[in-house]
Amino acid sequence: MEASASAKVILFGEHAVVYGQPAIAVPVTSLRARVTAEAAPSDAGLTILSPATRHRFTVHLTEDDEENALSLAAQLTLRNFGITTPPDLTLTLVSDIPIGRGLGSGAAVSTALVRALCAALEKTLSLEELNAIIYEVEKKHHGTPSGIDNTVIVYEQPIYFVRGQPLENIRIALPFTLLVADTGYGTPTHIPVGDVRRLYEAKPERITPILERIGAISRAACQAIETGEYFRLGALMNENHELLQKLTVSSVELDVLCEAALAAGAQGAKMSGGGRGGIMLALVTDATAPRVMSALESAGAVRVVKTRVRLPENSVG
Ligand code: PMV
């Protein structure tokens, strides 16, 4: 029995979303985390295996395993169904989502794991219930996450997200193409998030207008996506990147990749996610994609993934 979950990127509004501004995130369906559930011998208990990271651990229900996101995801799922003895199962995870790059690897692996566990138990969770579990797991590991990562991954559709508000999806007028380029290194999300918090607390009069402008960009971008004005969308990406530079969360490598993408003909470019490394996005057409991709590789990207953003068949909202 196998279950999966996709990667994600934040298209607009990262960091400002923590302060209540809107943000836009889209799934990257070609990169996935997969978990298989297999019956284990009786009394073997619930084992989670990750061959890639050589992790193997057993889930107990006696106490919260705060150190381990996957154990916690399994515990919360079992408790949700009132199960007090872990089932005899082995959950094996395989993921092609790079870890710690703002692609939502953690939320995707947790989501796939909970889905596989539910399938093996022949239980169902609504998307809302699944999202609540994955948010709890994210909280243990990222302090005060806005909830955007778990939401876009659980629903696997483009979302317009405002912290604490009901999910809104985006009607995509015409599918568009993004290149996702990896700088090859990452900084744990809580570090740039903490730095922005310190900046905000030290100089609210300087930081508040930046956060508000990012929110206005997300609103304008939503309109541009819904009307298919991709030239405008590109300009909004560039402006959002400049504002993230002002929040000190970009890096030399991210700036170099953005400049290279624009010079090679991308309609827009920006860093994505927590920043200080991780990934950047370039908005391309079929005509510019090959040139922008090779420019990104020459400028130091360790990997470039092309993804098409469109509405899934079963979109909600
Ligand atoms: O997990 P990442 O690296 O994609 O970044 C999360 C986005 C932030 O806005 C920086 C933090 C948050 O909780 O929304």
Within the stretch 83-124, restricting to residues that are at pLDDT below 95 and at positive phi, the one that is farthest from the ligand (Cβ to nearest atom) is G100
Note: among A3, A52, A37, A73, just one is of a type in the set (A, V, I, L, M), assigned to a loop (DSSP other than H, G, I, E, B) and away from the ligand (no atom under 16 Å from the Cβ), namely A52
Within the stretch 240-266, of all residues that are closer than 20 Å to G184 by Cβ and among the β-branched types (V, I, T), the one surrounded by the fewest Cβ atoms within 10 Å (Cβ to Cβ) is V252
Yes or no: N131 in contact with a Phe, Trp or Tyr (Cβ under 8 Å, 6 or more places away or on another chain), among the polar types (S, T, N, Q) and within 12 Å of the ligand (Cβ to nearest atom)?
no
Taking first residues from the stretch 14-41 that are hydroxyl-bearing (S, T, Y) and second residues anywhere that are surrounded by fewer than 24 Cβ atoms within 10 Å (Cβ to Cβ) and not in a strand (DSSP E or B), the pairs with Cβ under 6 Å that are 6 or more apart or on different chains are Y19/L211
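Restricted to the stretch 179-205, and to residues that are β-branched (V, I, T) and in a helix (DSSP H, G or I), which residue is farthest from the ligand (Cβ to nearest atom)? Quick ask: steps written out before the conclusion?
Pass one, the stretch 179-205, residues β-branched (V, I, T): 180, 183, 187, 189, 191, 193, 196.
Next cut, in a helix (DSSP H, G or I) only: 191, 193, 196.
Working: I191: 10, V193: 5, V196: 8 Å.
It comes out as I191.
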Can you spot a residue in the stretch 298-313 that is assigned to a loop (DSSP other than H, G, I, E, B) and closer than 30 Å to A202 by Cα?
no
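Residue check: is L127 modelled with pLDDT of 95 or more and touching a Leu at 6+ places or on another chain (Cβ under 8 Å)?
no
Residue by residue, here is whether (1) at pLDDT below 95; (2) more than 16 Å from the ligand (Cβ to nearest atom); (3) more than 22 Å from I153 (Cβ to Cβ) holds:
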site	(1), (2), (3)
H241	no, no, yes
G277	no, no, no
V292	no, yes, yes
V302	no, yes, yes
S315	yes, yes, no
T144 passes all but one of the listed conditions (1) surrounded by 17 or more Cβ atoms within 10 Å (Cβ to Cβ); (2) within 16 Å of the ligand (Cβ to nearest atom); the exception is number (1)
Among I170, I159, I225, the single one that is of a type in the set (A, V, I, L, M) and within 16 Å of the ligand (Cβ to nearest atom) is I159
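So that you can scan it fast, the table gives a plain yes or no per residue for (1) aromatic (F, W, Y); (2) closer than 23 Å to G143 by Cβ; (3) at pLDDT below 95:
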site	(1), (2), (3)
K203	no, yes, no
I214	no, yes, no
E226	no, no, yes
V249	no, yes, no
V256	no, no, no
A266	no, no, no
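Look through the stretch 6-34, keep the residues that are of a type in the set (V, I, T) and part of a strand (DSSP E or B), and return whichever of them is farthest from the ligand (Cβ to nearest atom).
T29
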Review point. Is it fair to say S146 is within 26 Å of R308 (Cα to Cα) and part of a loop (DSSP other than H, G, I, E, B)?
Key: yes
Is it the case that T90 is in a strand (DSSP E or B) and surrounded by fewer than 22 Cβ atoms within 10 Å (Cβ to Cβ)? yes
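Assess whether L254 counts as being within 16 Å of the ligand (Cβ to nearest atom) and more than 15 Å from V180 (Cα to Cα). So that I can check it myself, show each step before the final result.
Values: within 16 Å of the ligand (Cβ to nearest atom): yes; more than 15 Å from V180 (Cα to Cα): no.
Against the criterion (within 16 Å of the ligand (Cβ to nearest atom) and more than 15 Å from V180 (Cα to Cα)), L254 does not qualify.
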Taking the stretch 13-34 and keeping residues touching an Asp or Glu at 6+ places or on another chain (Cβ under 6 Å) and within 22 Å of P166 (Cβ to Cβ) leaves P27
Within the stretch 228-239, restricting to residues that are among the small types (G, A, S) and at pLDDT 95 or above, the one that is surrounded by the most Cβ atoms within 10 Å (Cβ to Cβ) is G234
A careful count of residues in the stretch 41-82 that are crowded, with 16+ Cβ neighbours inside 10 Å and modelled with pLDDT of 90 or more gives 17
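Which of the following residues is closer than 25 Å to V196 by Cα and out of contact with any Asp or Glu (no Cβ under 9 Å at 6 or more places or on another chain): A220, A224?
Working: A224 fails: closer than 25 Å to V196 by Cα.
Just one listed residue meets the conditions, A220.
The values are calculated or read from the model by the stated rules, or taken from the named source; none is laboratory data. Please read these numbers as outputs of a predicted model, since none were measured by experiment. Please note: Cβ atoms are built from the backbone with ideal geometry, for glycine as well, and neighbour counts cover all protein chains shown.
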